[in-house]
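> Quick one: the structure is below, and I'll ask about it shortly.
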Amino acid sequence: MSITSPRVQGYTQLYASFESFYTRHVYRRVRDGWNIPICSVPGAHLTLVERVSPDHNWSFQYSGKTIKCINLGSYNYLGFAENHGPCAEDSIRTIRTQGVCVGSTRGELGNAIYHDQLDRLVARFVGHEDAITCGMGFATNALNLPCILNKNCLVISDEKNHASIILGLRTSGATIRVFKHNNMQSLEKRLRDGVINGQPRTHLPWDKIFIVVEGVYSMEGSIVRLPEIIELKKKYRAYIYLDEAHSIGAVGPRGRGVCDYWNANPHDVDILMGTFTKSFGAAGGYIAGSREFIKILKSRSHAESYGGSMSAPVAEQIISSMTIIMGEDGTSEGVRRIRQLSRNSRYFRQKLKQLGFIVYGNDDSPVVPVALYMPSKIAFIVREMIKRGIALVGVGFPATPLVEGRIRFCMSASHSKEMLDHVLDEFSELGDSIMARTSTLPRQKGEVVYENV
Amino acid sequence: MLNISGDYIYQSIIQAPIYHLLLEGILFMWVIWLLKRKKINPTEEQPLSAKEQQQIIDHFEPKPLIYNGDSRDEGVEGDESSEIDWGTIDGPAGKYIEIDGTKYLNLATHNYLGFVEEPSILDETERCIRQYGVGSCGPRGFYGTVDVHLELEEAIAKFLNLEETALYAYSFAAISSAIPSYAKRGDVIFADEHVNFAIQRGLIASRSEIRYFKHNDVEDLTRLLNLQRKADLQNPVKAKAIRRFCVVEGIYSKTGLICPLKEISELCLEFKVRLFVDESISFGAIGQTGRGITEYLNVPRENIDFISGSLEQGLGAFGGFIVGSSYVVDHQRISGLGYCFSASLPPMLAGAGIQALKLIESNPQLIQELQNNCEYMDRKLRSLSVFTISGHPLSPVKHMSLKKSFGSRKTDKLLLKEIAFHVRENAKIAVVMPAYLEKEEKTLLPPSIRIAVNRLLKDNEMDDVVTALKEAANVVLSKPDLPDYDEPKSQN
């Protein structure tokens, strides 16, 4: 972090002083809990590189030591972040057979057979007709939403949507209206307003109305109310864009996301989008939809014409892990992982609630946020837990409102019950010392049994 | 006080002068009239009844989810769908590329230094998978910062002798997230008219006022800067609050020409404008040791606020980066959207990038070989009379368009496509035409075939390319029936 600009005389200040007030005086004091470097595979255990700061977090130095921790911070829902095993071996083999870098975009001879193979596999996985993939998950939203929307479209988006969705919507030129998080009355009101009143001033009807929601919200841990949204969509003839970044692979009895979880027909959701970073241990994103939709999107997508195509080992990792999840590799490994993740999430959440912590979100979601409210408490918990060998993620402003900071646990199928119990013990002890066990909801009597969850 | 008797009021009315009573009386009547008149409010509508609302809902007919023709600007020239199916590749796209089962000499994909099949890079990628797995499973802030990322950032910064680097997982995201993190609504950005699409998206996302100057025209930029200075002098309070930026590319991907960076950086210093340079193509391709356009034109790097680059084109890895002084680049780590809210680059691809940089640093003759090939190709291509060659002699990206247009843009594109496929089938050499989203680009250049030169080509192979192009042009352009632009030949 630097405090002086190399050129000051005559230039307009690059950063508005009030904008950087929070960064310099609040964030800086606690920023040793973020951006911690790791030097191992981000699996069930993580090796952190220890940093020390001689000047109150203005700068960091490496002490030379590493700390091994239980990893509850990385997005590793099904435990595919592995450096050995069938997926890793497949990726390594692909390095030699397909190379690492394609050096072109998919529209300019950068389209390889594994890209087409991946597209078809993804479409089959999510249950839609066709899909296209992109080299970066963030870019999948930011580069494709402007191709689907225009200035005569109305978008009704959830207030807690991700930054990539908001960027894509803003640059598309559509009118954006926000509804309260997961609140169906608020959504219906916006839909009615949109259909009845049409465009502002002219009152012409909107070309298309889109509802943009996420499957699992990463900061809230809530699962979207998909059946109700599908009902509303049919009533008002809107289109749904569902971003399943955190739910694909992680939710649902077969791991196919929220459509699977709610037993809804994936064809009812017009556009399914997701990323491969979280449950598949790779990188990139996809959009799935009807064959007609994907064909036209392919000809218009910014990523197809200007974005580099996905690297071969990454694509192979996705193909490999997806085949395992679908059970098509001949083993029951996929089902085992899905069940383990689901069991871990439910067990951990119920235990936390029993201990008296304020936990947000749906019981089945693999993201478990615990409210702590104060930035200082978050910093304390993160630091102390690292000392005890547990890596957690603390979330504060600007990802959440200023006084609604939280600790977020990311469950993984690679965690065992013993690991979770150890984490719960340590967390409960620390939580006592900062008075975080203050939930006023009734606490479940009787033991939470792992096998019965 | 409240015991004002009726007698007191009566007395005060009697004793008041007449004009006073008249005035008060008129005022009183006027107030009554104002309160009583009907309010004429034309904008207030009667609220709709529930039945009327249901009627509107029943009659609502949305347009289809997506269809050809629902794009934003109807007035922009060019094709809605300009997609050509070049085929599907198999195997590494190195010196040779295998398309649909046949091997071709590869002049289509960007492999300037020939690193796609470089064994040490592939070895390093494998080693990184065995240590870190494939994905990084998190954004930079939440345990997604792997030590190889920090190593690569340091290596790039040291390579260019600058302070700090921010590494992005996608080169498109690097420059298009960097610009809006500094420039906001109300600021002014001066950009070259032919900047690439990623920069254009960054400019749109910034919401600033964009002033385009003619391609590589320093006088035009001076004119715009002077206009801005005049406006600033007229309104000094506003001038103090707005920031001024200039965005250029080292080698332009649309034209292959080099930007006059020395003059532009001096102009920016004089007018107090912050300068951003996008070196996606020029990093690792020009300059004595491959350090980019600042080395080639001998421009001090301290005068540039940040340089953005790509690891996907010349270096055989993946991702993008922003490098500059700590004061400028550090801001990206909390406000660059593609940095904070995206998972970080897979560690194995960062490892590939580190190895590529090591190779460039220890083998500057690689750059020399590439530049020799670029110059040779330039000389030979310029001998073709039917094409116009766009591109600096040292640029690895060269555009060949038809010297004489054959009627319309659509016809020219079809002819060039036929030439490209003719070269492919007959000489077994792969070339492409750049894919542009014509309805979204700010400027459209004449359709062209793009040649991407790489270090591995031999002189006789480059001669073959030129011969093949000449022959293809002869065959295609002398056909008696040129494609009728009402019935395009391109189909799926």
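> Count, please, the residues in segment A:152-167 that happen to be out of contact with any His (no Cβ under 9 Å at 6 or more places or on another chain) and either farther than 16 Å from A:Tyr239 by Cα or hydrophobic (A, V, I, L, M, F, W, C) (or both).
Counting residues in segment A:152-167 that are out of contact with any His (no Cβ under 9 Å at 6 or more places or on another chain) and either farther than 16 Å from A:Tyr239 by Cα or hydrophobic (A, V, I, L, M, F, W, C) (or both) gives 11.
> Kindly check whether there is at least one residue in segment B:173-182 that is in contact (Cβ under 8 Å) with a residue 12 or more places away in the chain and farther than 18 Å from B:Gly324 by Cβ.
no
> In segment B:213-264, which residue that is surrounded by fewer than 21 Cβ atoms within 10 Å (Cβ to Cβ) and of a type in the set (Val, Ile, Thr) is farthest from B:Leu203 (Cα to Cα)?
Here the residue is B:Val237.
> Which numbered condition trips up B:Asn226, out of (1) of a type in the set (S, T, N, Q); (2) more than 23 Å from B:Phe159 (Cβ to Cβ); (3) touching a residue at least 40 places away in the same chain (Cβ under 8 Å)?
Of the numbered conditions (1) of a type in the set (S, T, N, Q); (2) more than 23 Å from B:Phe159 (Cβ to Cβ); (3) touching a residue at least 40 places away in the same chain (Cβ under 8 Å), the odd one out for B:Asn226 is (3).
> How many residues does segment B:332-361 contain that are touching a residue at least 24 places away in the same chain (Cβ under 8 Å), facing another protein chain (nearest Cβ under 7 Å) and either assigned to a helix (DSSP H, G or I) or crowded, with 24+ Cβ neighbours inside 10 Å (or both)?
The total comes to 8.
> Would you call A:Ser91 part of a helix (DSSP H, G or I), surrounded by 15 or more Cβ atoms within 10 Å (Cβ to Cβ), at pLDDT 90 or above and of a type outside the set (A, V, I, L, M, F, W, C)?
Considered against the rule, which asks whether it is part of a helix (DSSP H, G or I), surrounded by 15 or more Cβ atoms within 10 Å (Cβ to Cβ), at pLDDT 90 or above and of a type outside the set (A, V, I, L, M, F, W, C), A:Ser91 comes out as yes.
> Sort out which residues of segment A:222-263 are more than 14 Å from chain B (Cβ to nearest Cβ), touching a Leu at 6+ places or on another chain (Cβ under 6 Å) and either within 20 Å of A:Phe409 (Cβ to Cβ) or crowded, with 23+ Cβ neighbours inside 10 Å (or both), and write them in order of number.
A:Val258 - this is the single residue of segment A:222-263 that is more than 14 Å from chain B (Cβ to nearest Cβ), touching a Leu at 6+ places or on another chain (Cβ under 6 Å) and either within 20 Å of A:Phe409 (Cβ to Cβ) or crowded, with 23+ Cβ neighbours inside 10 Å (or both).
> Just to check your reading of the model, which residue among A:Phe380, A:Phe427 is part of a helix (DSSP H, G or I) and farther than 30 Å from A:Arg337 by Cα?
When all the criteria are applied, what remains is A:Phe380.
> Report whether or not B:Tyr104 is within 10 Å of chain A (Cβ to nearest Cβ), within 13 Å of B:Gly351 (Cα to Cα) and aromatic (Phe, Trp, Tyr).
Judged against the criteria, B:Tyr104 is not a match.
> Quick one: which of A:Asn150, A:Asn83 is farther than 22 Å from B:Ala343 by Cα, in a loop (DSSP other than H, G, I, E, B), within 7 Å of chain B (Cβ to nearest Cβ) and of a type in the set (S, T, N, Q)?
Residue meeting the stated conditions: A:Asn150.
> Consider B:Ile210 carefully, then state whether it is closer than 29 Å to B:Gln288 by Cα, touching a residue at least 12 places away in the same chain (Cβ under 8 Å) and in the same structural domain as B:Ser335 (by TED's automatic domain parsing).
So B:Ile210 does not fit the description; no.
> Could you check how many residues of segment B:379-396 are assigned to a helix (DSSP H, G or I) and farther than 23 Å from B:Val476 by Cα?
1
> Restricting to segment A:180-192, name every residue that is more than 15 Å from A:Arg237 (Cβ to Cβ) and over 23 Å from the mean Cα position of the chain (by Cα).
Scanning segment A:180-192 gives A:Gln185, A:Ser186, A:Lys189.
> Taking B:Gln288, is it outside any helix (DSSP H, G or I) and more than 14 Å from chain A (Cβ to nearest Cβ)?
Taking the combined requirement at face value, the residue satisfies it.
> For segment B:14-33, does any single residue satisfy the condition of being modelled with pLDDT of 80 or more, of a type in the set (Ser, Thr, Tyr) and part of a helix (DSSP H, G or I)?
yes
> Restricting to helices (runs of 4 or more DSSP H) lying wholly in segment A:221-320: which have 3 or more residues that are without any contact (Cβ under 8 Å) to a residue 40 or more places away in the chain?
Result: A:226-236, A:291-300.
> Could you check segment A:396-419 and list, in sequence order, the residues that are hydrophobic (A, V, I, L, M, F, W, C) and surrounded by fewer than 21 Cβ atoms within 10 Å (Cβ to Cβ)?
Those that are hydrophobic (A, V, I, L, M, F, W, C) and surrounded by fewer than 21 Cβ atoms within 10 Å (Cβ to Cβ): A:Phe397, A:Ala399, A:Leu402, A:Val403, A:Met419.
> Still on this structure, I have one more. Sort out which residues of segment A:29-75 are closer than 16 Å to A:Leu392 by Cβ, touching a residue at least 60 places away in the same chain (Cβ under 8 Å) and either more than 21 Å from the chain's Cα centre (by Cα) or surrounded by fewer than 19 Cβ atoms within 10 Å (Cβ to Cβ) (or both), and write them in order of number.
A:Val30, A:Asp32, A:Leu48, A:Ile67, A:Lys68, A:Cys69
> Within segment B:424-458, take every residue that is closer than 18 Å to B:Ile389 by Cβ and surrounded by fewer than 17 Cβ atoms within 10 Å (Cβ to Cβ) and give me the one that is nearest to the other protein chains (Cβ to nearest Cβ).
Here the answer is B:Leu445.
> Can you tell me which of A:Ile176, A:Ile209 is part of a strand (DSSP E or B) and in contact with a Pro (Cβ under 8 Å, 6 or more places away or on another chain)?
One residue alone meets the criteria, A:Ile209.
> Tell me, yes or no, whether segment A:84-92 has at least one residue that is hydrophobic (A, V, I, L, M, F, W, C), in contact (Cβ under 8 Å) with a residue 40 or more places away in the chain and in contact with a strand residue (DSSP E or B) (Cβ under 6 Å, 6 or more places away or on another chain).
Looking for residues that are hydrophobic (A, V, I, L, M, F, W, C), in contact (Cβ under 8 Å) with a residue 40 or more places away in the chain and in contact with a strand residue (DSSP E or B) (Cβ under 6 Å, 6 or more places away or on another chain), one finds none in segment A:84-92, hence no.
> Here's another thing I want to ask about it. Checking B:Leu113 against (1) over 22 Å from B:Ala468 (Cβ atoms); (2) assigned to a loop (DSSP other than H, G, I, E, B); (3) hydrophobic (A, V, I, L, M, F, W, C); (4) facing chain A (nearest Cβ under 7 Å): exactly one of these is not met. Which one?
Among (1) over 22 Å from B:Ala468 (Cβ atoms); (2) assigned to a loop (DSSP other than H, G, I, E, B); (3) hydrophobic (A, V, I, L, M, F, W, C); (4) facing chain A (nearest Cβ under 7 Å), B:Leu113 violates only (4).
Every residue, every condition in (1) more than 9 Å from chain B (Cβ to nearest Cβ); (2) within 19 Å of A:Met273 (Cβ to Cβ); (3) in contact (Cβ under 8 Å) with a residue 40 or more places away in the chain; (4) in contact with a helix residue (DSSP H, G or I) (Cβ under 8 Å, 6 or more places away or on another chain), yes or no:
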| site | (1), (2), (3), (4) |
| --- | --- |
| A:Ala142 | no, yes, no, yes |
| A:Thr175 | yes, no, no, no |
| A:Gln185 | yes, no, no, no |
| A:Arg192 | no, no, yes, yes |
| A:Val212 | yes, yes, yes, yes |
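The values are calculated or read from the model by the stated rules, or taken from the named source; none is laboratory data. Everything numeric in this text was worked out from a predicted model, so none of it was measured. Neighbour counts are summed over all protein chains in view; Cβ atoms, including those assigned to glycine, are modelled from backbone coordinates with ideal geometry.
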